[in-house]
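What follows is a set of notes on a single structure, which appears directly below.
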Amino acid sequence: YWKSCRLQTGSGIYKTFGMNTHFIVKGLESPFSEEELLKLLKKQLSNFFNLIPEDEEVLESNQKIILEKLKIGISGVNNKYFFKNGNAYFSPLHSGQYLIYLYWFSHFCHKISNNIELSEKLYYLNKILHSCDIYPAVKLPEVFFLEHPLGTVLGRAEYGNNFFAMQGCTVGDNKKLE
């Protein structure tokens, strides 16, 4: 079995994952540093959309808030891939974890920063990468997990903490909650 994997960065340098980790926020480890994670997100967004300087500023200034939210969510999931060395562990190479990261960023941009255009870019990136449809206005609980999220659609509904869904799951409708 592979003990680590290599990913070529834009500068032609190979980064080895599996050996070194970073604390991107206290209690949350990752094979990516906070800067590398942000660089990855910006690159993915700019591959599909026009990423303007204001978008980059919102991403940079709110990354810590999203990572703290992510730490809470990952810490609550009972899954061996979500912990390493006794700490919550986030890898953007784990699609279920990266989906959660992108959801929280899109939701935050929609609800808190009121940057609807950026929230829709993040939403659509999540849809492209994970074939999962979670509109930014949908409020998911702090702790949720989607295993093999392909074809999952989460619409307007009330979700309880520790919500779990698997592939092909559809929840909610297009009616306004009372």
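The values are calculated or read from the model by the stated rules, or taken from the named source; none is laboratory data. Keep in mind it's a predicted model, so treat the numbers as computed, not measured. Positions of Cβ are generated from backbone atoms using ideal geometry, with glycine treated the same way; all protein chains shown enter the neighbour counts. These accessible areas exclude ligands, DNA and RNA; they are computed on the full protein's heavy atoms, side chains included. Shrake-Rupley method; radii C 1.70, N 1.55, O 1.52, S 1.80 Å.
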Can you pull out every residue in the stretch 85-134 that is among the hydrophobic types (A, V, I, L, M, F, W, C) and in contact with a Cys (Cβ under 9 Å, 6 or more places away or on another chain)? Leu93, Leu99, Ile116, Leu118, Leu122
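Can you tell me which residue is most open to solvent (accessible area, probe 1.4 Å) among those in the stretch 84-114 that are among the small types (Gly, Ala, Ser) and in a helix (DSSP H, G or I)?
Ser95
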Filter the stretch 115-159 for residues that are open to solvent by less than 20 Å² (accessible area, probe 1.4 Å) and without any contact (Cβ under 8 Å) to a residue 24 or more places away in the chain and give the result. Ser119, Pro141, Thr152, Leu154, Gly155
Looking at the stretch 33-54, I want the residues that are farther than 17 Å from His22 by Cα and have a partner that is small (Gly, Ala, Ser) and part of a loop (DSSP other than H, G, I, E, B) with Cβ atoms under 8 Å, at least 6 apart or on another chain. Which pairs are those? Lys43/Gly10
Looking at Val143, is it more than 28 Å from Pro31 (Cα to Cα) and not acidic (Asp, Glu)? no
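Please verify whether the stretch 110-121 includes one or more residues that are among the polar types (S, T, N, Q), out of contact with any Pro (no Cβ under 7 Å at 6 or more places or on another chain) and within 21 Å of Pro31 (Cβ to Cβ). Before you say what the answer is, go through the steps one by one.
Here is the first cut: in the stretch 110-121, the residues among the polar types (S, T, N, Q) are 113-115, 119.
If we keep only those that are out of contact with any Pro (no Cβ under 7 Å at 6 or more places or on another chain) too, we end up with 113-115.
Remaining after also requiring within 21 Å of Pro31 (Cβ to Cβ): none.
So far as the stretch 110-121 goes, no, none of its residues is among the polar types (S, T, N, Q), out of contact with any Pro (no Cβ under 7 Å at 6 or more places or on another chain) and within 21 Å of Pro31 (Cβ to Cβ).
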Among (1) within 27 Å of Met166 (Cα to Cα); (2) touching a Ser or Thr at 6+ places or on another chain (Cβ under 7 Å), Lys80 falls short only on (2)
Could you give every pair whose Cβ atoms fall below 6 Å, whose first residue belongs to the stretch 61-81 and is in contact (Cβ under 8 Å) with a residue 40 or more places away in the chain and farther than 13 Å from Ser30 by Cβ, and whose second residue is of a type outside the set (A, V, I, L, M) and open to solvent by 60 Å² or more (accessible area, probe 1.4 Å), counting only separations of at least 6 or pairs across chains? Ile72/Glu142; Gly73/Glu142
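Here is a yes/no grid of residues against (1) farther than 21 Å from Phe32 by Cβ; (2) more than 13 Å from the chain's Cα centre (by Cα); (3) hydrophobic (A, V, I, L, M, F, W, C); (4) modelled with pLDDT under 90:
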position	(1), (2), (3), (4)
Leu70	no, no, yes, no
Asn85	no, yes, no, yes
Asn115	yes, yes, no, no
Leu129	no, no, yes, no
Tyr135	yes, yes, no, no
Val138	yes, yes, yes, no
Lys175	yes, yes, no, yes
